[in-house]
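Structure first, then comments.
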Amino acid sequence: MVARAPTPDAPALPKLAESLWGLTVEDLKWYAPLLPGRAPTRKAELVDAFVRLLTDPAGLARLYGALTPGQQRVVAEVAHRGEGLYDPEVVAAKYPDVAPPASPHQYYGYRRSERQPTAFDLLFTSLYGVGTFIPADLAAALRALAPPPPPFELRGRPDPPTDLSAVAAAWRSAPPEALVSETERAVFHDLTAALSLIQEGKAGVSATTRLPTLATLRQLRGRLLTGDSFPEEYDRAEDAIRPFALLLLAQAAKWAAPEGAARNRLGLTKAGRALLNGTPGPDDVRRAWEGWLKSDLLDELSRVRAIKGQGAKAARLTKPAERRERLAAALRACPPGRWVETDEFFRYLRAERLSPTVERGPYSALYIGSSADYSSLQYAGASAYWDIVIGSYLRATLWEYAATLGLVEIAYTRPEESPHDFGEVYGLDNEPYVSRYDGLLGFRLTPLGAYVLGLAPAYQPSEPPAADAQPALTLLSNLDLVVTDTHRFTPNDRAFLERIGAPQSEGVYRLSRERILETVENGLGLAQIRQFLAARTGQAEESFPNTVQTFFADLGKRLGALREAGRVLVLTGDDPLLLTELAHSPALRNTVRLATAGAETVLLVPEAQEAQVRRQLKKLGYAPAKG
């Protein structure tokens, strides 16, 4: 059976006497060697004897003193933090060397335990539907006796956990290739790349799910600063990781939304256009992360394709937003700048009761393999269920969203080379791996992550840009822009140049008045264009060639020469005299203007006064027909 954590409305735990009366005489006799003196044989007398022993402060203190140090810590954990309930996940994570308390029965009651009871065993009892627990009044007495347990300390290390030589020795093969991401330095570039693709009208999505298409993901991958996690070409849209996440994050942050009659293409919102015309910064990353925490666009569990039954009628999955909040809380406990191994992080989550709940209720509808009956995760065991379901969900969310936004850097391998062992679970034999995220070895909270999560008052980049870096572009007097440093010329730089210049040859663009005017119409200012050129060429704006300065001065005059004064409704008719009469009528003469369009007489109605004019026309007996 899959163990479940208690729900907030779980019934109160039974008291000591009630718990003892729930045992059989044979069960009580199994504990009898722990009683002082000669043990009685009748049930009522046995219950009375155990109640006296466990409610006597001196007797309880003797039993507590007989426990090993590890057992004393477990009792303190259960009494103080578990409110009497023994949570096997918590205890196994926090006190892995302490065996669980024994009961009179083994093997589901078919065989009586042959080992002798200990004081540790006597403090616990079990009840169907509740689990193992310390009776309520006994737990209260133990809280006065045992000091509260210290919190679990999440340890970090200075270097990424990429040494897989021990794995290679065990496998008797070459060690798997371990990789380390560089998403913090890439995220601002990559957000711009995603927004640029959307602005160009090239971000196709499903009209029903709003998930990006395969062609869109392939295009975006080519624009990212460091590409995707793995170099292989995508066969399916679900193979993408970082491009997939960026397009969903743009929607979650309200920078993009489906548009058009078919709703199968993303378009920039007002906020998205403003961001694209500026420079994404740490506050924008925070907005994307906080938007994703609340988003219902996607359940990251759906990215773990080997876990089936997610859409079944019997499946009762929790809201992804609830799970993400727990992960965000756990990330705040990570030491900034230090690497945390994935297994150690998962151990911390279980020990501190921060594990997200994926399914509601006591039974699981999920399974691995081809049969929901034979490979149900309901019977995988609590540890395997946590690793496969909750662990896979966390790996996907950390890798695909926290790492894509640069909150963490990750160390990882290919999923088929992952050193992680999921154990013997029915149905896994036919799967090459559970998910593409199986190879997550560990992660490091970045300065950007510390800022976004509220652990730092300001963002200090890990690697500030070099002040003596050579310029990536040269600006010539004939308006040409020549790429001089291809290593520093990013895909976003190329996309920006294509918005303001026409390609002349490989690595050469010429400033284009038509392209710049179109770009300005979309919200980019001339000052931002000049700032871009100054930053990439290493020249101050006042030192641009004279022809370039003249070019921008002329553009500035042209942009201010014409202004939109508002829109008007044009009314035409077959009788020019009627139009003249209406224009001079007392009801309309202050709101409409008589004009000539070519050889035709027309009435001009300001857009703001259209409703008023239509009402007056109806009073005069006229209703304009659609043209």
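The values are calculated or read from the model by the stated rules, or taken from the named source; none is laboratory data. The model shown is predicted, which means the values in this text are computed figures rather than measured ones. Cβ coordinates were reconstructed from backbone atoms using ideal geometry, including for glycine residues, and neighbour counts include every protein chain displayed. Side chains included, ligands, DNA and RNA excluded: accessible areas come from the protein's heavy atoms. Shrake-Rupley method; radii C 1.70, N 1.55, O 1.52, S 1.80 Å.
Below are the figures for this structure:
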read-out	value
Extension gain from ASP373 to GLU45, taking 0.36 nm per residue of separation minus the Cα-Cα distance	113.4 nm
Lys/Arg +1, Asp/Glu -1 at C-beta; the range 173-258 dipole; positive extreme among PHE188, GLY222, TRP255	TRP255
Dipole magnitude of the range 554-627 about its Cα centre (Cβ charges: Lys, Arg +1; Asp, Glu -1), debye to nearest 20	320
Cβ-based net charge around VAL592, under 12 Å, with every Lys or Arg adding one and every Asp or Glu removing one	+1
Residue (of THR537, TRP171, ALA623) at the positive-pole extreme of the chain, dipole from beta-carbon charges	ALA623
Helix axis angle, 546-561 relative to the chain longest principal axis, alpha carbon, degrees	80
Chain lengthening between SER165 and GLU506 when straightened (0.36 nm per residue, less Cα-Cα)	118.2 nm
Distance (nanometres) between label positions extended 7 Å along Cα→Cβ at PHE230 and THR357	3.4
Rounded if a/c under 1.5, otherwise prolate or oblate - the range 257-353, Cα gyration tensor axes	oblate
Percent carbon-and-sulfur accessible area, the chain, ignoring ligands, DNA and RNA, probe 1.4 Å	52
Length added when fully stretched, LEU526-ALA599, from 0.36 nm per residue minus Cα-Cα	22.3 nm
Relative contact order of the chain, defined on C-alpha pairs under 8 angstrom at six or more residues apart (%)	12
Most to least packed among 570-583, 44-57 [average Cβ atoms within 10 Å]	44-57, 570-583
Check: the chain dipole with +1 on Lys, Arg Cβ and -1 on Asp, Glu Cβ, in debye	1720
The chain: angle of helix 242-252 to the longest principal axis, Cα-based, in degrees nearest 10	80
Estimated inter-spin distance, GLU259 and ARG157, nm [label 7 Å along Cα→Cβ]	4.9
For the range 62-219, alpha-carbon Rg and Dmax in angstrom	26.5, 76
Distance between modelled label sites at SER462 and LEU569, nm, 7 Å Cα→Cβ extension	6.0
Dipole magnitude of the range 171-253, debye to nearest 20 (Cβ charges: Lys/Arg +1, Asp/Glu -1, about Cα centre)	180
At R0 = 60 Å, FRET efficiency that the Cβ-Cβ distance of ALA17 and ALA611 yields, to 0.05	0.15
Positive-pole candidate from SER355, ALA315, PHE345, dipole of the range 247-387, charges at beta carbon	ALA315
Ranked packing of 555-563, 142-150, 82-90, 602-610, most packed first, by mean Cβ within 10 Å	82-90, 602-610, 142-150, 555-563
Degrees, to the nearest 10: 491-500 long Cα axis against longest axis of the chain	20
Whether the range 477-627 is rounded, prolate or oblate, judged on the alpha carbon gyration tensor where a/c under 1.5 counts as rounded	prolate
Residues of the chain: accessible area per residue with a 1.4 Å probe, Å²	51
Under the Debye formula (equal points on every Cα, no solvent term), log10 I(q)/I(0) of the range 432-506 at q = 0.20 Å⁻¹	-0.92
Ranked packing of 17-28, 248-259, 366-377, most packed first, by mean Cβ within 10 Å	248-259, 366-377, 17-28
Coarse-grained scattering of the chain at q = 0.05, 0.09 Å⁻¹, given as base-10 log I(q)/I(0) from a Debye sum over alpha-carbon atoms	-0.39, -0.89
Three-way shape label, the range 197-305, alpha-carbon gyration tensor, a/c 1.5	rounded
Environment charge of PHE152, counting only residues whose C-beta is closer than 11 Å and scoring Lys/Arg +1, Asp/Glu -1	+2
